[in-house]
Amino acid sequence: MARFVLPSKTLTFSRNTLLGLISPAPVNCSVCYFQNTARRSIRFKHFLASEVNFRKKYCPLYSSLSRVKQVSRRLLCSVATEDSPKQVEESKMETPREIFLKDYKMPDYYFDTVDLKFTLGEEKTIVSSKIAVYPRIEGSTPPLVLDGQDLSLVSIHLNGKALKEEDYHLDARHLTIQSPPSGKYDLEIVTDICPQKNTSLEGLYKSSGNFCTQCEAEGFRKITFFQDRPDIMAKYTVRIEADKSLYPVLLSNGNLAEQGDLEDGRHYAVWEDPFKKPSYLFALVAGQLQSRDDTFVTRSGRKVSLRIWTPADDVPKTAHAMYSLKAAMKWDEDVFGLEYDLDLFNVVAVPDFNMGAMENKSLNIFNSKLVLASPETATDADYAAILGVIGHEYFHNWTGNRVTCRDWFQLSLKEGLTVFRDQEFSSDMGSCTVKRIADVSKLRNYQFPQDAGPMAHPVRPHSYIKMDNFYTVTVYEKGAEVVRMYKTLLGSQGFRKGMDLYFKRHDGQAVTCEDFFAAMRDANDADFANFLLWYSQAGTPVVIVNTSYNPEAHTFSLKFSQDIPPTPGQSVKEPTFIPVAVGLLDSMGKDIPLSTVYHNGTMQSVSSNDQSVCTTVLRVTKKEEEFVFTDIFERPVPSLLRGYSAPIRLESDLTDSDLFFLLANDSDEFNRWEAGQVLARKLMLNLVDDLQRNKPLVLNSNFVQGFKRILCDSSLDKEFVAKAITLPGEGEIMDMMGVADPDAVHTVRTFIRKQLASELRSEFLSTVENNRSSEEYVFNHSNLARRALKNVALAYLGCLEEKEFTDLVLHEYKTATNMTEQFAALAAIAQNPGKTRDDVLDDFYGKWQHDFLVNFCL
């Protein structure tokens, strides 16, 4: 499933978006907001990050969305269609029951092949299926229970013989064949459905003149009677018939085997998928679409046809999506050795596809927002979102399609793993550090509150009532962090060995999280102790680190204690396996070479190929334990949890001086950013306390100087600098308070921003001037980074409310040649009430009010 994209008219901007760069907290902005603000001054409405989480999973971020995968599936509602013969009223359906992981049972029957025929019509659609069935246990004849919802049954044939009503049982949810024959047999079922009335948008539905499907997780049962569960994998052949004038394009999974004309102006297409897949990956699209065509030559020399289908007017905006697809295909070959397996890969993008994006085998379906882009209507965040989400859905071809989930409790097996893969892809296409910062920020802002709230659940939940509720930031984002920990522990080569064994063992199978764990363990002969607890325990571990230095023994000690707070249904937690990447800095700010550490009564080598290392991964597996580094000849400053090596809350005895030292010197750029954020949060909390005590607000001069050093360090990546000089959002600060005080936090954050802008105005002005460009818009890392830094600097200057800078920001708005820079200038202007703001907002609204791609952002 897609990476959480909510294609609605209103989205919530996080501080990672352009407007968020200048807003004191996430701000609710819609088209109406811009229209109304142009007429009158209004105040921004602030709210906690946890509230954002409940409104929509999370907002556009660096590469998962402006990225963000999510139509929150729980927004979908099942709406019954009209009753028909043999159809039981929905009102009589049984009360939903809780499903438990422990109750999983293997199916009594498997399906070998599935032949489907769709006769698409304007009043109804006839679906004919022919299924080759065989029992799991030879000779057994238990009833065959098929899922079905909102279907009108026309006929059933078993081995060519029509069944009578007494031969089967039909209710609102199931069709049961009471006494099937022993051995293999063919089951033929014909049903009527009405896609035009399918308002649940699951199964086959019609919208804006197109037929479209959405089958994950349990939508296929709204198309025909079937064992609609992911461990039923079969080979599909699909024939589609439709009016050629209304539906000239007929698409389904696999390779196009045959097409032609029929009588009465109709035509047909036959699609064959040679690979087994579960029913949730079935897809069908029929409509009036045009395509951008390209080719990709795999590493084995096969030529793959690539087509991106959209309404005709949108085809020019698909160039970046095609680039993203080809980049993803090449990256998967280079990094994981995974080659595309069919002759054709189709992508369909329509504006009213409500699931964001879907990885159907060889026929990915997207909301247009995640495919279409032009410099005039899309920001850098939009381009990054398209790159990441196109990659995510393509990567599912192996992690989700070729190897799928045994049951829906294993959802993170495909989604957590594929999120990790798309994160790595986006990192390699841009800045690894900035991407890591964005992913960790998303985790902290949206997953941590879920872990701390009433909806806390493990990466692999133990039960569910409604499957749609499984699509959460815990399953996706925390699940990705669990996969990342394997790589942290095993290294890149060891992780690749584990992936290779995983595919070798399980290609074409439906498997579990334990199977992935076993592949990683066995491929590397590794001991992961209690690592599997990450899948079964909810909550965010809190790790406390205390340090001590022994100058006589030349040793440096790190004492760890871990605790996982109680969560609903889990009051007692066991210590889990936490990889903590650590480095030590000497007084000159250089990494100290590390070779040995004393742990569990033994001296252990941490060297690599007999060479000392600058970073080592400590395996914290107990509630309390100590690691002692030897041959340390001065008291070091520890760099803890480098690269954010585990999804935990870390508390340490580092002083402010230590943090400023790390901010200036740490070779791990993530921890350099983290030190600055910790200092900023502490500063903001202290100033909130001063404000509440009616003390004057004074900005720490050390903080200003540390901020200035980062801003003026030309050796740093510009996108990293843009991240590093962005203050924590108000939601983060309020989340750390016993009793939140939104007004005080807002006042303090505004004060800090204005003080920084005032004291560093010349540096900010130089940053804006040095990062202008009159060249044509190009989406690549160097240009993206330049624009990001310029826009953050502009936002700081814009908050000063001085004519010089108001004129500067207005000039940037009027001369901008792309949406990234124009919207950044708009956001900077929008900070300060007045006629200039009203005029600019009115201008922007008037220009873009009818463009759905821009409206989607607002």
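The values are calculated or read from the model by the stated rules, or taken from the named source; none is laboratory data. All of these numbers come straight from a predicted model, not from anything done at the bench. All Cβ positions, glycine included, derive from the backbone under ideal geometry; neighbour counts span all protein chains shown.
A few comments on the model shown:
- Filtering Leu338, Leu281, Leu363, Leu344 for residues that are surrounded by fewer than 24 Cβ atoms within 10 Å (Cβ to Cβ), aliphatic (A, V, I, L, M), closer than 30 Å to Arg229 by Cβ and out of contact with any helix residue (DSSP H, G or I) (no Cβ under 7 Å at 6 or more places or on another chain) leaves a single hit, Leu344.
- Only listed residue being surrounded by fewer than 13 Cβ atoms within 10 Å (Cβ to Cβ) and of a type in the set (Ser, Thr, Tyr), chosen from Tyr168, Tyr134: Tyr134
- The set of residues from the range 666-687 being in contact (Cβ under 8 Å) with a residue 24 or more places away in the chain, surrounded by fewer than 18 Cβ atoms within 10 Å (Cβ to Cβ) and assigned to a helix (DSSP H, G or I) comprises Arg681, Lys682, Leu685.
- Test result for Ser155, small (Gly, Ala, Ser), more than 18 Å from Asp228 (Cβ to Cβ) and not in a loop (DSSP other than H, G, I, E, B): yes
- The selection criterion, being modelled with pLDDT of 95 or more, among the hydrophobic types (A, V, I, L, M, F, W, C) and more than 13 Å from Leu683 (Cα to Cα), does not hold for Val748.
- Matching residues in the range 655-708 - criterion: being touching an Asp or Glu at 6+ places or on another chain (Cβ under 6 Å) and among the acidic types (Asp, Glu): none
- Residue check, Arg173 of a type in the set (Lys, Arg), surrounded by fewer than 16 Cβ atoms within 10 Å (Cβ to Cβ) and closer than 28 Å to Lys105 by Cα: yes
- Which listed residue is under 20 Å from Ala757 (Cα atoms), of a type outside the set (Val, Ile, Thr) and at pLDDT below 95, from Glu801, Glu812: Glu801
- Listed by first and then second residue, the pairs with beta-carbon distance under 7 Å, at least 6 apart or on different chains, first residue in the range 787-805 and basic (Lys, Arg), second assigned to a helix (DSSP H, G or I), are Arg787/Asp380; Arg787/Thr820; Arg787/Glu821; Lys790/Thr767; Lys790/Val768.
- Selection count, the range 231-261, where residues are under 29 Å from the mean Cα position of the chain (by Cα), farther than 24 Å from Glu188 by Cβ and not in a strand (DSSP E or B): 0
- Residues that are within 36 Å of the chain's Cα centre (by Cα) and surrounded by fewer than 16 Cβ atoms within 10 Å (Cβ to Cβ), drawn from the range 554-588: Lys559, Asp563, Pro566, Pro568, Gly569, Ser571, Val572, Glu574
- Filter result for Arg436 (on the phi < 0 side of the Ramachandran plot and part of a helix (DSSP H, G or I)): yes
- The listed residue being over 13 Å from Thr433 (Cβ atoms), in contact with a helix residue (DSSP H, G or I) (Cβ under 8 Å, 6 or more places away or on another chain), part of a helix (DSSP H, G or I) and without any contact (Cβ under 8 Å) to a residue 40 or more places away in the chain, out of Phe703, Phe707: Phe703
- Within the range 205-220, restricting attention to residues that are within 13 Å of Val348 (Cα to Cα) and among the polar types (S, T, N, Q), the residue that is surrounded by the fewest Cβ atoms within 10 Å (Cβ to Cβ) is Asn210.
- Test result for Glu481, within 21 Å of Ile390 (Cα to Cα), surrounded by fewer than 23 Cβ atoms within 10 Å (Cβ to Cβ), under 13 Å from the mean Cα position of the chain (by Cα) and at pLDDT 95 or above: no
- Tally, over the range 512-542, of residues that are of a type in the set (A, V, I, L, M, F, W, C) and either part of a helix (DSSP H, G or I) or buried (at least 21 other Cβ atoms within 10 Å of the Cβ) (or both): 11
- Scope the range 167-189; condition of a type in the set (A, V, I, L, M, F, W, C) and out of contact with any Leu (no Cβ under 8 Å at 6 or more places or on another chain); matching residues: Ala172
- Checking each residue in the range 148-165 for being in contact (Cβ under 8 Å) with a residue 12 or more places away in the chain and either crowded, with 16+ Cβ neighbours inside 10 Å or more than 16 Å from Ser129 (Cβ to Cβ) (or both) picks out Gly148, Gln149, Asp150, Leu151, Ser152, Leu153, Ile156, Leu158, Leu163.
- Across the range 162-197, the number of residues qualifying as hydroxyl-bearing (Ser, Thr, Tyr) and assigned to a strand (DSSP E or B) comes to 4.
- Scanning the range 613-635 for residues that are acidic (Asp, Glu) and assigned to a strand (DSSP E or B) yields Glu624, Glu625, Glu626.
- Subset of the range 288-304 (residues that are in a strand (DSSP E or B) and farther than 26 Å from Ala242 by Cβ): Asp294, Thr295, Phe296, Val297, Lys303, Val304
- Taking the range 569-611 as the region of interest, the strands (runs of 3 or more DSSP E) fully inside it that hold 2 or more residues being modelled with pLDDT of 95 or more and in contact with a helix residue (DSSP H, G or I) (Cβ under 7 Å, 6 or more places away or on another chain) are 578-585.
- Number of the exception - Pro551 against (1) surrounded by fewer than 16 Cβ atoms within 10 Å (Cβ to Cβ); (2) under 21 Å from Ser645 (Cα atoms); (3) in contact with a Lys or Arg (Cβ under 8 Å, 6 or more places away or on another chain): (2)
- No other residue among Gly416, Gly453 is small (Gly, Ala, Ser) and closer than 30 Å to Ile232 by Cβ apart from Gly416.
- Sole exception among (1) more than 18 Å from Gln755 (Cα to Cα); (2) crowded, with 20+ Cβ neighbours inside 10 Å; (3) of a type in the set (Ser, Thr, Tyr) for Thr836, by number: (2)
- Complete set of residues in the range 713-724 that are over 13 Å from Asn771 (Cβ atoms) and of a type outside the set (Asp, Glu): Ser715, Leu716, Phe720, Lys723, Ala724
- Test: residue in the range 308-329 that is surrounded by 17 or more Cβ atoms within 10 Å (Cβ to Cβ), among the β-branched types (Val, Ile, Thr) and under 20 Å from the mean Cα position of the chain (by Cα): no
- Screening Phe100 against (1) within 38 Å of the chain's Cα centre (by Cα); (2) surrounded by fewer than 14 Cβ atoms within 10 Å (Cβ to Cβ); (3) at pLDDT below 95 leaves a single unmet condition, (3).
- Scan the range 387-400 for residues that are over 12 Å from the mean Cα position of the chain (by Cα) and either charged (D, E, K, R) or part of a helix (DSSP H, G or I) (or both) and the total you get is 3.
- Selected residue (only one of Ala384, Ala452 is out of contact with any helix residue (DSSP H, G or I) (no Cβ under 6 Å at 6 or more places or on another chain) and surrounded by 24 or more Cβ atoms within 10 Å (Cβ to Cβ)): Ala384
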